[in-house]
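What follows is a single structure, written as structure tokens, with notes after it.
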Amino acid sequence: MSDDTHARPLASTVTIREMGIDDVAAVFHLGERLFTAKKWPNLYRSWDAHDVMTIVASHNAFCLVAVSNESVVGFALGSSLEKRGSAWRYGYLEWIGVDSSMNGQGIGKRLLNRLTERFIKYGARMMLVDTDMENQAAIQFFKAHGFGNAAPHVYMSRNLTAHPDYVRKKSKPEDTQATVQRQRRPIRVPDAEIAIPEANSA
Ligand SMILES: CC(C)(COP(=O)(O)OP(=O)(O)OC[C@H]1O[C@@H](n2cnc3c(N)ncnc32)[C@H](O)[C@@H]1OP(=O)(O)O)[C@@H](O)C(=O)NCCC(=O)NCCS
């Protein structure tokens, strides 16, 4: 017996459009399914709804969704980077994800191509991406689309639960109200490009 409700949506039904604030929940939940703690702890830690909202609110033109039958099946969240004293503008692809039931159908490629067009229109001369170094699928995907010059980036962690301040704080419930400031993944703009002075660049 066929079950249409579980049929794999065809990539040809997928459209790419600018992301709106109403898409935040769907994008966030799709990301939660992709960036799991078990698979990619660093990506999992960085992925949160507030960050998605912040990117959309501040860089709406660089946030795209892939939609099939009104469901979000993919997203690309980008932002622009400018460095004072440099004529260079960068497009930073912060997050890209495609529903795993639809991988390999060119949806990621369409999202990336559309975002690239937008970065070029904005005046970016270089696009940056980052991901976990074990994320071979993403690395191959990026390589297939012209990204290179991979530079390793080290993430380190320290368990603070044995720290005397942490232990003290745990014993005083009123202290637990402290505001938690989220730390985003660091992005390193390549120094070599920053150092190149361009007299006639816009
Ligand atoms: C990376 C990702 C976005 C690719 O999306 P996708 O829709 O499956 O990719 P596409 O079908 O558009 O692939 C385009 C090309 O990328 C390459 N590619 C994509 N996935 C690949 C894989 N798993 N292994 C090797 N190459 C791959 C291929 O060259 C492919 O070209 P082809 O169609 O000629 O084979 C998707 O795998 C994903 O969501 N991964 C989980 C989230 C993630 O890790 N995001 C990156 C970090 S933010």
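Shown for segment 13-194 is the translational diffusion coefficient from the Stokes-Einstein equation, using the Kirkwood radius over Cα pairs, a temperature of 25 °C and a viscosity of 0.890 mPa s: 137 µm²/s.
Normalised size of segment 24-120, defined as Cα radius of gyration per 2.2 N^0.38 Å with N residues, equals 1.10. Ordering 110-121, 65-76 by mean Cβ neighbour count within 10 Å, with the highest value first, yields 65-76, 110-121. On the principal axes of its alpha-carbon atoms, segment 82-177 has extents of 53, 44, 26 Å, going from largest to smallest. For segment 127-143, backbone phi angles converted through the Karplus equation (6.51, -1.76, 1.60; θ = phi - 60°) give residue-by-residue couplings of 10, 10, 9, 8, 7, 5, 5, 8, 7, 4, 4, 5, 4, 5, 4, 5, 4 Hz, Gly and Pro being listed as x. Taking the Cα centroid of segment 32-72 and of segment 99-121, what is the distance between the two, rounded to the nearest whole Å? The two parts, judged by their Cα centres, are 14 Å apart.
In terms of the mean number of neighbouring beta-carbon atoms within 10 Å, the peptides 42-49, 16-23, 93-100 order highest first as 93-100, 42-49, 16-23.
Measuring against 23 Å, Cα to Cα, the residue pairs LYS83/LYS121; LYS38/LYS143; LYS39/LYS143 contain LYS38/LYS143 as the ones spanning a longer distance.
Laboratory data are not the source of any read-out in this text; all were calculated from the coordinates shown. Computed from a predicted model, the values in this text were never measured in an experiment. Every residue, glycine among them, receives a Cβ derived from its backbone with ideal geometry; neighbour counts consider all protein chains shown.
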